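*Asks:* First, the structure itself, so that you have it in front of you.
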Amino acid sequence: MRKILAALILAVMICGASNAAVFTSFPADGVCVGDYVRYRSRPSTKSKILGRMFEGDEVTVLSERRTGREVWYEIYDPNNEDRTVWVSGKYIVPAD
């Protein structure tokens, strides 16, 4: 029973770490690490999809918002820098 409990705790810690914030200040340069990643009007998977990004696309990260266990980043719209959009934090990492 203790081994099962230890495995569950480790799994929760690992899953939680994957959504950890990686930016310490804003604005910051970021890069997309997923392919066909949707960006949205608000930080929610239920909000309107405004476009898509691809692996290697560079972005400017303006802010961060946590919604439950999810991290969302506000970025300039890659197709219209006059507006901002939101993308799930699991697809954006700091640029080198």
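Any read-out appearing in this document is the output of simple, stated calculations on the displayed coordinates, not a laboratory observation. Because the structure is predicted, anything quoted here is derived from the model rather than measured. Glycine also receives a Cβ, built like all others from the backbone with ideal geometry; neighbour counts cover every protein chain displayed.
*Asks:* Obtain the nm distance between the two label points defined at Thr84 and Ser25 by a simple spin-label model: each point lies 7 Å from its Cα along the Cα-to-C-beta direction.
*Replies:* Label at Thr84, label at Ser25, 1.8 nm between them.
*Asks:* Using per-residue counts of other Cβ atoms within 10 Å, averaged over each peptide, order 37-49, 82-94 from highest down.
*Replies:* 82-94, 37-49
*Asks:* Note down the nm distance, to one decimal, between modelled labels 7 Å out along Cα→Cβ at Glu58 and at Lys46.
*Replies:* 3.7 nm
*Asks:* Using a basic spin-label model with each label point 7 Å from the Cα along Cα→Cβ, how many nm lie between Glu70 and Tyr36?
*Replies:* 1.9 nm
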